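The values are calculated or read from the model by the stated rules, or taken from the named source; none is laboratory data. None of these values were measured; they are calculated from a predicted model. So basically every Cβ, Gly included, is an ideal-geometry build from the backbone, and we count neighbours across all protein chains shown.
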Amino acid sequence: MGRRVRKGREINGILILDKPLGLSSNQALQKVKRLFQAQKAGHTGNLDPLATGVLPICLGEATKVSAFLLDADKRYTARIKLGQRTTTADAEGEVIESRPVPALTESAIKHALKPFVGEIDQVPPMHSALKVNGQPLYKLAHQGITIERKSRRITIYGIELLGVDGDVVEIDVRCSKGTYIRTLAEDFGEALGCGAHLSGLQRTEAGPFLYDDVIEMASLEHLAEEGFEALDVLLQPMEDALHDWQDVVLSPDAAHYLGLGQAVMVPNAPSEGLVRLFDKQDTFLGVGIIADDGKVAPKRLFKSA
């Protein structure tokens, strides 16, 4: 039986999409993949249909760095409606409880937010893409099934109060991977004694990629009418996803042997951790890791290697 030939273009790079309201991350991914006619594509962390903002989409060989972007820190602007709890902890769910919102000062709101900064334990919501025994929790939730979830340790690096408009509080949140902002909203509402749900969410940062980098889907569709050249210039280099890693430049011999899967000794290499690999022509070859003996070992290599 012959090898299956992939359809589409061999295009490599990262598109920083402003995910539209109402689309799932996968729906947005498939639209981008079709517009670029890319052979391979993958996104770097789910955004709910309710959410908008930074969604890096990896095309071609860039899918090999998507796992590292999944682990990256994130930043959000969140709008929290006080006084109502919903079935999904966000605006898509049905209201299951209403309570009066007390008169709140800016000082009282900041005081209620303070305990959520730092390393905290957070229980993932049922309406989430987290899988248990291979089944996404949201599919169980849609069947009316609720299961016990273990709390997970996450880090919220900072929360800034951006404003208060009646019973809606807007905050800026900097956090680690695995943080559920809808859970933060619900827990914050309980801290105030009135309940709450997430009424709006925008991701403003995902790892090194900022909201200033995004392109809207409508603009992307318009550019697609001009051809692939207009689209391809929007792609960020794959190595930009790992911008805070140290670089290792390989000699031709070292690049050859590393491409064969062998660890190589490189003068002045870092002493530990993951590194970006380049050849003498500044071609990005992939991801390496410093072995216990100080050699540079391959971890994820690209076709260019």
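Points to keep in mind about this one:
- Only residues that are in a loop (DSSP other than H, G, I, E, B), on the phi < 0 side of the Ramachandran plot and within 31 Å of the chain's Cα centre (by Cα) were counted across region 264-280, and they come to 4.
- Close contacts from region 81-99, counting a first residue that is farther than 16 Å from Val169 by Cα and a second that is β-branched (Val, Ile, Thr) and assigned to a loop (DSSP other than H, G, I, E, B), with Cβ to Cβ under 7 Å and a gap of 6+ residues or different chains, come to Gly93/Thr87; Glu94/Thr87; Ile96/Thr87.
- Residue list for region 3-58, restricted to those being farther than 22 Å from Gly93 by Cβ and of a type in the set (Val, Ile, Thr): Val5, Ile11, Ile14, Ile16, Val32, Thr44, Val54, Ile57
- Unmet requirement for Lys64, which otherwise passes all of (1) surrounded by 22 or more Cβ atoms within 10 Å (Cβ to Cβ); (2) under 30 Å from Gly8 (Cβ atoms); (3) over 12 Å from the mean Cα position of the chain (by Cα): (1)
- For region 277-302, filtered to residues that are closer than 14 Å to Glu239 by Cβ and of a type in the set (Val, Ile, Thr), the residue that is surrounded by the most Cβ atoms within 10 Å (Cβ to Cβ) is Val287.
- Where a residue in region 146-160 is hydroxyl-bearing (Ser, Thr, Tyr) and modelled with pLDDT of 95 or more and its partner, wherever it lies, is surrounded by 12 or more Cβ atoms within 10 Å (Cβ to Cβ) and not in a strand (DSSP E or B), with Cβ under 8 Å and at least six apart: Thr155/Ser176; Thr155/Thr179; Tyr157/Asp73; Tyr157/Val117; Tyr157/Ser176
- Any hit, region 74-87, residues being farther than 26 Å from Val123 by Cα, under 15 Å from the mean Cα position of the chain (by Cα), buried (at least 21 other Cβ atoms within 10 Å of the Cβ) and not β-branched (Val, Ile, Thr): no
- Test for Leu277: is it touching a strand residue (DSSP E or B) at 6+ places or on another chain (Cβ under 9 Å), at pLDDT 95 or above and either in the same structural domain as Pro20 (by TED's automatic domain parsing) or aromatic (Phe, Trp, Tyr) (or both): no
- Residue that is among the polar types (S, T, N, Q) and more than 30 Å from Leu301 (Cα to Cα), where the choices are Thr44, Thr87, Thr63: Thr87
- Scanning region 197-231 for residues that are of a type outside the set (A, V, I, L, M), part of a strand (DSSP E or B), in contact with an Asp or Glu (Cβ under 7 Å, 6 or more places away or on another chain) and surrounded by 16 or more Cβ atoms within 10 Å (Cβ to Cβ) yields a single hit, His197.
- Flag if Ala108 is more than 19 Å from Leu50 (Cα to Cα), in a helix (DSSP H, G or I), more than 25 Å from the chain's Cα centre (by Cα) and modelled with pLDDT of 95 or more: no
- Checked against the criterion of being assigned to a helix (DSSP H, G or I), touching a Gly at 6+ places or on another chain (Cβ under 7 Å), of a type in the set (S, T, N, Q) and farther than 20 Å from Ser219 by Cβ, region 58-74 contains one or more residues that satisfy it.
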